[in-house]
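Q: Quick one: the structure is below, and I'll ask about it shortly.
The values are calculated or read from the model by the stated rules, or taken from the named source; none is laboratory data. If you're wondering where the values come from, they're calculated on a predicted model, not measured in any experiment. Positions of Cβ are generated from backbone atoms using ideal geometry, with glycine treated the same way; all protein chains shown enter the neighbour counts.
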Amino acid sequence: MTDRRQVLAGMAAVIAAGLAPAPALAREQGQPPRLRSGDTVGLIAPASAVSPRQVEFAQQTIRGMGLVPQLGRHVTRVDGYLAGTDEERADDINAMFADRSIRAVFAISGGWGCARLLPLLDWDGIHANPKLLVGYSDITALHCAFAARAGFPTIHAPNAANTWQALSWNNFWWQAFAGTRPVLGGAEDEALTGRVGRTLRGGKAKGRLVGGNLTVISTLMGTPWMPEMDGAILFLEDVGEEPYRIDRMLQQLRLAGVRDKLGGIIFGQCTRCNAPTEGERTLGFTLDEVVDHHLTPLGIPAFAGANIGHIRNQLSVPVGAVVEMDADARTIGVSEAVVA
């Protein structure tokens, strides 16, 4: 709780210091507006059901950013393990993008269920009303579909009911509030992730950043909801998957021809993805061995260990924006402003 209060205080201090930008500049076509202190942002529950505590926690986080939270109509609904029916959850997203008073949309939590919504979303309405979508994990399905259909960037960052640490908030502020082009990464936190960053193949690559949760991406493979991957920089993360499952999903990317199209690849964190052991002996391949088998031979810039995934202090990264990755320095340079 102390960490959370410190981060929220830091958010407020940045805004109070007058660093929040002046009224937004004229919006470039296809770009969301940048955020300003006092803006109203929507909170949605597009996947698993959320608790009243999560809803309150999310509202506190948004207020700590200097923003005003507005709950989706159905966020407290429960339908089995989902936060309402597919139609209700899709309706909340459509309503948030149609409402001109809403400047951005934050997911309260992930879980499972976003992929079920994709055919129900008003893509013409979303395309006509660009605004930031923020979240991660199962929200990957929305990030990918927005990259394919909406025509504007989104931000892969903690969900509103997660604890935002300083790194996540700073990355997010520079992109969403200031509209700048920061360089992200370069200092993996082994104390948080348990893994040291590794350059798999050196070099630089420039392209649109796409990706997110590997399991969700596998679910979307071969559907019209995956964005074009030619020359893209792909980033991946996951949680609770043994190495053989990561092997299977990376093999799926290979068989689908995705890997051969990429300009570069970033493997973030796979939390609780260790191989089973017998005493001190690892049974089967380790996660690092699986990653090396699939990514090192590609002949494109690649690194592993980025602070992206189901970890504290994760990087906030733009999906659908042009970035330049440096595999030797293990950084992601944002090459174009995400917001107008």
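Q: If the Cβ limit is 7 Å and pairs must be 6+ apart or interchain, which residue in region 97-112 that is in contact (Cβ under 8 Å) with a residue 40 or more places away in the chain pairs with which residue that is crowded, with 19+ Cβ neighbours inside 10 Å and among the basic types (Lys, Arg)?
A: Correct list of pairs: Ile102/Lys131; Arg103/Lys131; Ala104/Lys131; Val105/Lys131.
Q: Has region 274-297 got any residue that is of a type in the set (A, V, I, L, M, F, W, C), without any contact (Cβ under 8 Å) to a residue 40 or more places away in the chain, in contact with a helix residue (DSSP H, G or I) (Cβ under 7 Å, 6 or more places away or on another chain) and part of a loop (DSSP other than H, G, I, E, B)?
A: Of the residues in region 274-297, the ones of a type in the set (A, V, I, L, M, F, W, C) are 275, 283, 285, 287, 290-291, 295.
Still in the running and without any contact (Cβ under 8 Å) to a residue 40 or more places away in the chain: 275, 283.
Narrowing the set further to residues that are in contact with a helix residue (DSSP H, G or I) (Cβ under 7 Å, 6 or more places away or on another chain) leaves 275.
From the residues that got through so far, the ones that are part of a loop (DSSP other than H, G, I, E, B) too are 275.
Yes - at least one qualifying residue is present in region 274-297.
Q: On to the next question. So, of the residues in region 275-295 that are surrounded by 13 or more Cβ atoms within 10 Å (Cβ to Cβ) and of a type in the set (S, T, N, Q), which turns out to be farthest from Ile217 (Cα to Cα)?
A: Thr282
Q: Among Arg272, Arg330, which is the only one that is surrounded by fewer than 17 Cβ atoms within 10 Å (Cβ to Cβ) and in contact with a Gly (Cβ under 8 Å, 6 or more places away or on another chain)? Before you say what the answer is, go through the steps one by one.
A: Working: Arg330 fails: surrounded by fewer than 17 Cβ atoms within 10 Å (Cβ to Cβ).
Going through Arg272, Arg330 in turn, just one is surrounded by fewer than 17 Cβ atoms within 10 Å (Cβ to Cβ) and in contact with a Gly (Cβ under 8 Å, 6 or more places away or on another chain): Arg272.
Q: Those residues that are of a type outside the set (Gly, Ala, Ser) and either closer than 15 Å to Asp328 by Cβ or surrounded by 24 or more Cβ atoms within 10 Å (Cβ to Cβ) (or both), I need them from region 297-314; list them, please. Don't jump to the end; show me each part of the working.
A: Start the filter on region 297-314 by keeping residues that are of a type outside the set (Gly, Ala, Ser), which leaves 297-298, 300-301, 303, 307-308, 310-314.
Residues satisfying the conditions are Ile300, Pro301, Phe303, Asn307, Ile308, Gln314.
Q: Residue check: is Asn171 under 19 Å from the mean Cα position of the chain (by Cα), of a type outside the set (D, E, K, R) and not assigned by TED's automatic domain parsing to the domain that holds Ala327? Give the steps one after another, and end with the answer.
A: Values: under 19 Å from the mean Cα position of the chain (by Cα): yes; of a type outside the set (D, E, K, R): yes; not assigned by TED's automatic domain parsing to the domain that holds Ala327: yes.
Taking the combined requirement at face value, the residue satisfies it.
Q: Looking at region 174-191, can you tell me whether even one residue there is closer than 21 Å to Met249 by Cβ, part of a helix (DSSP H, G or I) and in contact with a strand residue (DSSP E or B) (Cβ under 8 Å, 6 or more places away or on another chain)? Outline the logic, then answer.
A: First, the residues of region 174-191 that are closer than 21 Å to Met249 by Cβ: none.
No; the residues of region 174-191 include none that is closer than 21 Å to Met249 by Cβ, part of a helix (DSSP H, G or I) and in contact with a strand residue (DSSP E or B) (Cβ under 8 Å, 6 or more places away or on another chain).
Q: So, in region 235-249, how many residues would count as being crowded, with 20+ Cβ neighbours inside 10 Å, touching a residue at least 60 places away in the same chain (Cβ under 8 Å) and in contact with a Ser or Thr (Cβ under 7 Å, 6 or more places away or on another chain)?
A: Summing the residues that are crowded, with 20+ Cβ neighbours inside 10 Å, touching a residue at least 60 places away in the same chain (Cβ under 8 Å) and in contact with a Ser or Thr (Cβ under 7 Å, 6 or more places away or on another chain) in region 235-249 gives 1.
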